[in-house]
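Before any comments, here is the structure.
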Amino acid sequence: MRLHHGSWATDVVRVAIAAMLVSANSLPAMTAEESQPVLERIDAQRPKYVEIASKIWRWAEVGYREVQSSSLLADELESAGFEVKRGVADIPTAFVAEFGSGKPVIGILAEYDALPGMEQEAVPAKQPIKSNKAGHACGHHLFGTASTWAAITVKDEMVAKNLKGTLRLYGCPAEEGGSGKVFMVRAGLFNDCDVVLHWHPGSENRAGLETNLANISGKFRFRGKAAHAAGAPHQARSALDAVMLFAHGVDLLREHVPQETRLHYVITNGGNAPNIVPDFAEVYMYARHPDPKTLDGIWSRIEKCAEGGAIATETTRSLELVGNTANLLPNDAIAKLLDKHLRAIGGVTYTAEETAFAETLRPSLLRPELPPLTEASQVKSVSEGQRYGSTDVGDVSWAVPTGGFSTACVFPGVPMHSWQAVACGGTTVGHKGMVIAAKTLTLATLELLTKPNEIVAAKESFDKRRAGKSYQTRFPKDQRPALNYRDNAAVEP
């Protein structure tokens, strides 16, 4: 998919859309007094949505396998009056829930996939859940639940106040490496959207204006010949040797790429027994950089490392492209809107019990000098900058004006993708951040539905940020989502 920008036609379309939007609801923004009943209704529904988030936290389903989690959220939306389309974009656990009709079209993103190897009880000491093989170390159980909660709350307001427009909740699987949203964008599910909102659990409250790293990931597979490792090693061609040479090449490459680059991998299959020369081995590789074009060049060099490993060991190689996500395109107008509502709602404060939980957790961190817990009660200023994670929200942001924010769902200083984050997310610490997110999404969406000028401003920022740039996914048109990407290659695929 490629988008070109900066032509006179873009301006003509934007002006036409602006005129159409102004003729829609065009109501004054909600005052603090008017929004209070909405916020109180959210507070009253807290037990219900905490239970939903807790179920998804306990299920901890990994990317493209979020069968129970996606169904639970889709069922809630359907029961609330949304029309739900399931299995969109050739993804069984993706869905789109829609309410209303006509313009404007406002989308809210929801995620719900967990991370493998992160199983953990909601306690401040490392204690894996024996029945699980994954955990919500990035808080997507909170993400999906708060987004669903907000969508249903907005829908109720649309009915009560006869607001025109279309509200969509996008159920997005496999954000953690599977690039689910890329395929949803490619399927045209965002084509008529005016604005998309998202949020993410974190350790602070802040509306986002930063960009992040584009990402390419894939599984390099090497095939050789097996033989007795002691009796006939000369008759073998080791696939594991090829993986190790590939990995060594990547490690040497780190010195010769731009400093913003991130390269990391895991060996998902290195053989079955030491006395058998492996005839199959696999390594799962990630590469990231702020600029997608620069990243393409880095990935080409990584492929040469794989080629070199295969040549040196007389094995064959193949590549399954698993993920490819774009960098986030910030939106000034949406960041300003979200910041306003996030500040009106405020951050979180911790009880004595939660503070004791944090103090017990502190020694387990590599950097135990946690920032003051009072930071969670603050809303940080919007600022531009470079983040070093990646997300397929980036691909959505190149297709439609998109903005997001984070709320404190783990204690300040606790890193995401850790067992400590899983523990926080299963307690009231995570639930408090989820409530703030649901409220912020609700108020921001209602303002977008009733103030057309906010959408016009978002589109103007979108056009300005995107001018002269293009977007193209590395996925071929005929490639389908890697639905089994969370399989470790215990056996040759």
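Of everything in the stretch 184-216 that's among the hydrophobic types (A, V, I, L, M, F, W, C) and more than 23 Å from Glu78 (Cα to Cα), which residue is modelled with the lowest pLDDT? In this case the residue turns out to be Leu209. Residue count for the stretch 374-396 under the criterion of being part of a helix (DSSP H, G or I) and either exposed (fewer than 12 other Cβ atoms within 10 Å of the Cβ) or small (Gly, Ala, Ser) (or both): the result is 4. In the set Ile311, Ile302, only one residue is without any contact (Cβ under 8 Å) to a residue 12 or more places away in the chain and outside the structural domain of Arg465 (by TED's automatic domain parsing); that residue is Ile311.
Examine the stretch 462-479 for a residue that is within 25 Å of Ala151 (Cα to Cα) and not β-branched (Val, Ile, Thr), and state whether such a residue exists. Yes, the stretch 462-479 contains a residue that is within 25 Å of Ala151 (Cα to Cα) and not β-branched (Val, Ile, Thr).
Residues that are farther than 22 Å from Glu204 by Cα, touching a residue at least 12 places away in the same chain (Cβ under 8 Å) and polar (S, T, N, Q) do occur in the stretch 148-155, at least one of them. In the stretch 106-124, the residue that is surrounded by the most Cβ atoms within 10 Å (Cβ to Cβ) out of those that are over 19 Å from the mean Cα position of the chain (by Cα) and more than 20 Å from Gln68 (Cβ to Cβ) is Pro124. Quick check on Pro371: is it surrounded by fewer than 23 Cβ atoms within 10 Å (Cβ to Cβ) and in the same structural domain as Leu109 (by TED's automatic domain parsing)? Yes: the conditions hold for Pro371.
All of (1) part of a helix (DSSP H, G or I); (2) under 28 Å from the mean Cα position of the chain (by Cα); (3) in the same structural domain as Val456 (by TED's automatic domain parsing) hold for Leu295 with one exception: (3). When Asp251, Asp241, Asp194 are screened for being in contact with a helix residue (DSSP H, G or I) (Cβ under 6 Å, 6 or more places away or on another chain), of a type in the set (D, E, K, R) and within 30 Å of Gln386 (Cβ to Cβ), only Asp194 passes. Against the test of being more than 27 Å from Pro116 (Cα to Cα) and not in a helix (DSSP H, G or I), the options Ala444, Ala399, Ala457 yield a single qualifying residue, Ala399. Among the residues of the stretch 267-283, none qualifies, meaning not one is under 31 Å from the mean Cα position of the chain (by Cα), in a helix (DSSP H, G or I) and surrounded by fewer than 20 Cβ atoms within 10 Å (Cβ to Cβ). Entry remark, the stretch 402-429: residues being part of a loop (DSSP other than H, G, I, E, B) and farther than 20 Å from Arg262 by Cβ number 8 in total. Would it be correct to say that Lys126 is free of Cβ contacts under 8 Å to residues at least 24 places away in the same chain and outside any helix (DSSP H, G or I)? The answer is no for Lys126.
In the set (1) at positive phi; (2) buried (at least 18 other Cβ atoms within 10 Å of the Cβ); (3) not aliphatic (A, V, I, L, M), Gly403 fails one condition alone, (1). Restricting attention to the stretch 129-161, the residues that are under 30 Å from Gln479 (Cα atoms) and not in a helix (DSSP H, G or I) add up to 7. Applying a threshold of 7 Å to beta carbon distances and a minimum spacing of six or more residues, or different chains, the list of pairs starting in the stretch 47-59 at a residue that is within 13 Å of Thr148 (Cβ to Cβ) and at pLDDT 95 or above and ending at one that is assigned to a helix (DSSP H, G or I) and of a type in the set (Val, Ile, Thr) reads Tyr49/Thr145; Ile52/Thr145; Ala53/Thr145; Ile56/Thr145.
Here is a check on your reading of the model: is Val84 free of Cβ contacts under 8 Å to residues at least 40 places away in the same chain, under 18 Å from Ile56 (Cα atoms) and of a type outside the set (S, T, N, Q)? For Val84, the condition - free of Cβ contacts under 8 Å to residues at least 40 places away in the same chain, under 18 Å from Ile56 (Cα atoms) and of a type outside the set (S, T, N, Q) - is not met.
Within the stretch 323-361, being among the hydroxyl-bearing types (Ser, Thr, Tyr) and part of a helix (DSSP H, G or I) holds for Thr355, Thr360.
The values are calculated or read from the model by the stated rules, or taken from the named source; none is laboratory data. All values derive from a computational prediction rather than experimental measurement. With ideal geometry, Cβ positions are generated from the backbone for all residues, glycine too; neighbour counts draw on all protein chains shown.
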